[in-house]
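FYI, it's all coordinate maths here, none of it is from the lab. What you see is a predicted model; the values in this text were computed from it and never measured. Heads up, the Cβs are rebuilt from the backbone with ideal geometry, glycines too, and the neighbour counts pull from every protein chain shown.
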Amino acid sequence: MAKDIRLVIKRQANPKSADYVEEFVIPYFPKMNVVAALMEIQKNPLNAKGDVTTPVAWDCNCLEEVCGACTMVINGQARQACSALVDQLTQPIHLAPLTKFPVVRDLVVDRKVMFDNLRKVKAWIEVDGTHDMGPGPRVSPKVQEQAYRLSKCMTCGCCMEACPNVNPKSNFIGPAPIAQVDLMNSHPTGALQRERRLEALMTEGGIADCGNAQNCIKVCPKEVPLTRSIARLNRATTFHGIKSWFNK
Amino acid sequence: MSGKVTVIGGGLAGLMSVIKLAERGQKVDLFSLVPCKRSHSVCAQGGINAAVNTKGEGDSTWEHFDDTIYGGDFLANQTPVKNMIEAAPSIIYLVDRMGVQFNRTPEGFLDVRRLGGAKYSRTVFAGATTGQQLIYALDEQVRRYEDEGLVTRYEEWELLSLVRDDEGCCRGVVVQDMKSLDIQVFPADAVILATGGPGMIYVRSTNSTINTGFAAASAYMQGAIYANGEFVQIHPSAIPGRDKLRLMSESIRGDGGRVWVYKDGKPWYFLEDWYPAYGNMVPRDIATRAIFKVCVDMKLGVEGENKVYLDITHLDPHDIDRKLAGVVDIYEKFIGDDPRKVPMETFPAVHYSMGGLWVDYNQMTNIPGLFAAGECEYQYHGANRLGGNSLVAAIYAGMVVGPKAFEYSNGLKQRCNDLPGSLFERAKEEEITKQKALFAMQGKENPYKLHQELGEWMVDNVTVVRNNDRLLATDQKIQELMERYKTIGVGNSPEWGNQIVPFTRRLWGMLSLARVITLGAYHRNESRGAHYKPDFPDRDDENWLKTTKAEWTANGPHFSYDPVDTSFIKPRKRRYDVAKEVTAQNG
């Protein structure tokens, strides 16, 4: 049975121009996802009225929900377009760019700030060098299983989108980099530099800006235990603050 | 004063080379088409190989080396492969120190699993998202050097072409900012390409959308030799999707998954039947051909289609969650069934290019100053890659190429900054002119539809089974598409954020490399590894124990052949129905 799907897409030619909405009608096929629907527009750039239009710009890469590129707002929720199956979505399907990042064009946004924040909190293990120094520290399977859950964060931006404290009036770094501090600080070698990361979290826009809305954990597509990390680091930064005060 | 090195590509090979350079105090410009964390390396699932012998099975680097050469059907040059295998354990230890969350044994050591073509468990893994975990660790290390001011990242920039001086040396790159489509030139003393494979030539593959091979194609069109292009790995297990064929990791079989179809009303475990010594753990080319035979020749595919069952329903659900969650999640999300309860339905899909830019043992292409590492070069896998060897090859090549590019740039008599500015301006102007011509294309052909046609022909004719008449017809078709390319219409979308024009540019690269793959396959009248011709079913070492080298000419690729370095292991017949013969290590 031939049926069509309808997409309502919020578009914008460039960061300075006004946004507008354009509708598209696309032939349905089984198991199609939002990315496949957008690919159809590339091959046949006509809008619902039948007028020739510019194909919709969007980001994507791996198409199996590990790269994080194709994150957008789909029917009001931030998620990856590749794993958004049309059969599971209410129609018409509304697509819009993430709102917490500057729009580049159409559904493409600039998430550079997320990578800058990882740098700000020094989310890396300071190895002495890449020369051969034998194996790393031994780690229990239990600790590894916990850490692995944190290390699946793909910097997609869903948690930033859902967080009310990430907004134009705040510099809040958002939940993702906090979880990465938790990951690095829980690593035996990473723990050697834990204070530096705690201090980074205690600067402006850091963990104190979290309002405990707990939206982040609900939207994370990788089920990263974000709120647990935030709670743990809240305690750690508090203790660190008190300790630093006494050691003055 | 140190030279200037530019790295193109932010996947595992590129990031590792950046780390090696920065560690030497070398300032690096790093260009990546996507933010590095989103590179295609994230898609690697099963793990990374090293003979660490955690299970006490008696594994050794010699065994790993022999498996790799044997698995690659003796086409790989043995010296660089041996060096890589010997470095593999130290690579694992290094990335472990960098904080990669590898699975652990109860005692806290690195856990290992078995992958195809190996008799030993030597694949270290982080669930079923090992590539993702590795690239995150390397990305973090590069961020640290960025913080120290040694690395400048240009993410969402694409290589358009190389700058070559009067002597033909590579002296820099012309690159494009993908937001503004602004074109710029960056002089460099050495350029490293780490730009991944060209799977998008087939459209439907396990590759990411950025894997068009354009950077390698661009280098090829500027004189870099492309080697063994005809060797394209078809992975035995993927799940269908019109936008992508999603990989179902070989680790599923490694951890006990069984492949079967119904025969006479009963499950038939054909791999275990045909290959008793390796069973479900045969290498990918062997498994894929067996599936092809069962589905196409014997017509026993699931529901009459080219699909077989990949079954883990008999495994412990907790073990599945601990080791395979990443890949099982993908199946559940995209298919809707729970593989813990229902056997998965999978089929073969284009996965990896063993071929790529020709490089010497120092990872330098035939263009002085242009280096290559990772899937975009040809060096480590011969005619078929073993599971778990791509990650080690990408990281190892990065570890070699960084220091070699450093040495090269510091040994130059004349630095890029001493060259006349006109050399660079000219290169940039050329690309600006070409881009204007692209924007002026207002014909009737849609570039995405042309791409689709290319992919259909390539999948039908240049994958598992290859016949010379079909290969020639495919080459004719590619040439027809190249004619029709001239009548593409790119529309009148402005430059800012434009995606059609860059895609159209890449399409030409894909068409050019498609000819290299197809004609390379046509000329090679034998069967070896992933390259199989029913008319020439045997390996022919006398005539074809040779590296294919393709050079660009205006009339299509020109082929020549080099002997293969077999200095350690004498080629022998490759079979998996019986255990592999043990070879003696003679140093």
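For the stretch B:1-87, the fraction of C-alpha pairs more than 17 angstrom apart is 64%.
The listed peptides B:310-316, B:65-71, A:99-105, B:387-393, ordered by packing as a protection proxy, come out as B:387-393, B:65-71, A:99-105, B:310-316 (highest mean of other Cβ atoms within 10 Å first). Would you mind counting up the charge near B:Ile234? Only other residues with Cβ under 12 Å from its Cβ, with Lys and Arg at +1 and Asp and Glu at -1. Surrounding charge for B:Ile234 is +4.
Legend: ranking of residues B:Ile569, B:Ile201 from fewest to most surrounding C-beta atoms inside 10 Å; resulting order B:Ile569, B:Ile201. With equal scatterers on the alpha carbons only and no solvent term, can you work out the Debye log10 of I(q)/I(0) for chain B at 0.07 1/Å? After summing over all Cα pairs, the log10 values are -0.39. Here the stretch B:1-150 was treated as a single set of alpha-carbon atoms; its pair distances binned every 10 Å from 0 give 11, 35, 34, 17, 3, 0 percent.
With N counted as the residues of the stretch B:1-43, its alpha-carbon radius of gyration over 2.2 N^0.38 Å works out to 1.18.
In this simple spin-label approximation, A:Glu23 and B:Arg24 carry label points 7 Å from Cα along the Cα→Cβ vector, and these lie 6.1 nm apart. Each residue of the stretch B:237-350 gets 105 Å³ once the volume of the Cα convex hull is shared out per residue. By the Cβ distance rule of under 4.7 Å, chain A has these cysteines without a partner: A:Cys82, A:Cys153, A:Cys156, A:Cys158, A:Cys163, A:Cys210, A:Cys220. Measuring from centroid to centroid over Cα atoms, what is the spacing of the stretch B:1-33 and the stretch B:72-142 in Å? The stretch B:1-33 and the stretch B:72-142 have Cα centres separated by 22 Å.
Each Cα pair under 8 Å and six or more residues apart adds its separation to the average, and for the stretch B:205-271 the resulting relative contact order is 23 percent. Of the residues B:Tyr352, A:Tyr148, the one with the fewest other Cβ atoms within 10 Å heads the list, and the complete ranking is A:Tyr148, B:Tyr352. Using alpha carbon coordinates only, what is the Rg to Rh ratio of the stretch A:48-135, with Rh defined as the Kirkwood radius? Rounded to two decimals, Rg/Rh equals 1.16.
From its DSSP helices (H runs of at least four residues, each -39,500 (n - 2.57)), chain B gives a residue-normalised ellipticity at 222 nm of -11500 deg cm²/dmol. Residues B:Phe371, B:Phe292 in ascending order of nearby Cβ atoms (within 10 Å, fewest first): B:Phe292, B:Phe371.
Each listed q (0.12, 0.15 Å⁻¹) maps to a log10 I(q)/I(0) for the stretch A:1-156, found by the Debye formula over equal Cα scatterers with no solvent: -0.63, -0.84.
With the biggest extent put first, the Cα atoms of the stretch B:511-587 measure 48, 31, 20 Å across the principal axes.
A simple charge model with +1 on the Cβ of Lys and Arg, -1 on the Cβ of Asp and Glu and nothing else charged puts the dipole of chain B at about 300 debye relative to its Cα centre. Helix-only arithmetic for chain A: the sum of -39500 (n - 2.57) across DSSP H runs with n ≥ 4, divided by the residue total, places the mean residue ellipticity at 222 nm at -9500 deg cm²/dmol. Both numbers refer to the Cα atoms of the protein assembly as shown; Rg and Dmax are 25.6, 82 Å.
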